[in-house]
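*Asks:* I have a structure I would like to understand better, so I am pasting it below and will then ask my questions one at a time.
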Amino acid sequence: MGAVLLKAGIFLCMIAMGFGLKKTGFFRREDFGTLAKVVLHITLPCAVISNFEGLTVAPSLLVLAAAGLGCDLVLMGAGYLASRRGTREEQAFSVINYTGYNIGCFTMPYVQSFLGPAAAVSACIFDAGNAVICTSGAYVAGSALLGGERATVGSCLKKLFRSVPLDTYLVMLALSAAGLSLPAPLMQFAQTVGGANAFLAMLMIGIGFEIRLDRSRVGRLVRLLAVRFALSGVMAAAFYFLLPLPLEVRQLLALIVFSPIASAAPAFTEKIRGDIELASTANSISILIGMAIMTILLLVMGISG
């Protein structure tokens, strides 16, 4: 128990450091975008590459990609149903902000710290399915509700394959399936750079952390988070108790569905001229809730890292 709480506390301190340095003026809110580019385009891909070293991915684990996509679609549908009596703007907001998981910048470093590289690889496969919604699907669905951008295979694929982490997942999965590995110097480089991913990702989250909301929108915020995490609890129980997969994979799935809202959700909300303050606040609070639930589950499952 002590090891789990210590590691969770360290991650929380990293987030608090980023938030504190922003408040003191060391970082500005605008620095979030720069740091996000470093994490998403450099340290996270390197962490993914190093996680694949020496591991063979069983074909049966590819079902995790379908699980990632399926969970997102369930949450998106729940968002639409929760706002079906509202305006088109509220419906668009909901399909964007109820769905999607922040796996690369939050869950990946968190899970890897406790469950190791094999679990991180499984998280990568889950995130490959999740990326379909996070990189394009949620925005296209929200925009379509407002009579804007319509979903086409070409537009979705174009946005999807602009994701450097997803491209890295696919390349490493292909190499693993072919029984190939990258040269040792390249792997050593990836391990060194990827080792900074956890710290930079948590620091970035702290810099982006914002809670600014007037009382009139608290009800919408509570409903969003309550629906999302209640459904996550149902999915976690189904994955853990019903799937015929190895225990470590079921443990990962039970954790990963409590990941925070996708980091792109506030940006997509801004693009449709939605309620950016509500989106940013929901995103930030989902990080704290997700971290708390994941830590409790790690303690319940007896995982000490």
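Read-outs throughout are calculated quantities, based only on the coordinates presented, and are distinct from any laboratory measurement. Keep in mind that what you see is a predicted model, and the values were worked out from it rather than measured. Using ideal geometry, Cβ is built from the backbone for each residue, glycine included, and neighbour counts are taken over all protein chains shown.
*Asks:* Within the range 259-277, find all residues whose amide N lies under 16 Å from a label point positioned 7 Å from the Cα of ASP214 along Cα-to-beta-carbon.
*Replies:* Inside the label zone: 275-277.
*Asks:* Just to be sure I understand the model, the point goes 7 Å from the Cα along the line to the Cβ. What's the resulting ARG223 to GLU53 distance in nm?
*Replies:* 5.0 nm
*Asks:* If you don't mind, there's one more thing I want to ask. Give me the dipole magnitude in Debye, nearest 20, for the range 2-299 about the Cα centre, with unit charges on the beta carbon: positive for Lys and Arg, negative for Asp and Glu.
*Replies:* Working: 22 positive and 15 negative charges, 138 e Å.
Approximately 660 debye in magnitude.
*Asks:* Figure the gain on full extension for PHE241 and LEU175 (residue separation times 0.36 nm, minus the Cα-Cα span) and round it to one decimal in nm. Kindly include the intermediate steps, with their values, before the conclusion.
*Replies:* Numbers: separation 66, 0.36 × 66 = 23.76 nm, distance 3.18 nm.
Length difference between fully extended and current span is 20.6 nm.
*Asks:* Beta carbons within 10 angstrom, averaged per residue: use that to sort the peptides 236-246, 190-200, 57-67, 278-288, highest first.
*Replies:* Most protected by this proxy first, the peptides run 278-288, 190-200, 57-67, 236-246.
*Asks:* Of (1) 19.5; (2) 20.3; (3) 24.7, which is the value of Kirkwood radius over Cα pairs in Å derived from the coordinates here?
*Replies:* Checked against the structure: label (1).
*Asks:* Okay, moving on. What is the dipole size for the range 217-305, taken about its Cα centre, with +1 at each Lys and Arg Cβ and -1 at each Asp and Glu Cβ, in debye to the nearest 20?
*Replies:* Taking the Cα centre of the range 217-305 as origin, the dipole is about 240 debye.
*Asks:* Order of 32-45, 85-98, 207-220 by packing, highest average Cβ count within 10 Å first?
*Replies:* Working: 32-45: 18.7, 85-98: 21.4, 207-220: 14.8.
Descending packing order for the listed peptides: 85-98, 32-45, 207-220.
*Asks:* Also: Taking +1 at the Cβ of each Lys and Arg and -1 at the Cβ of each Asp and Glu, which of PHE19, MET204, LEU182 sits farthest along the dipole of the chain towards its positive end, judged by Cα position relative to the Cα centre?
*Replies:* Result: PHE19, furthest along the dipole toward the positive end.
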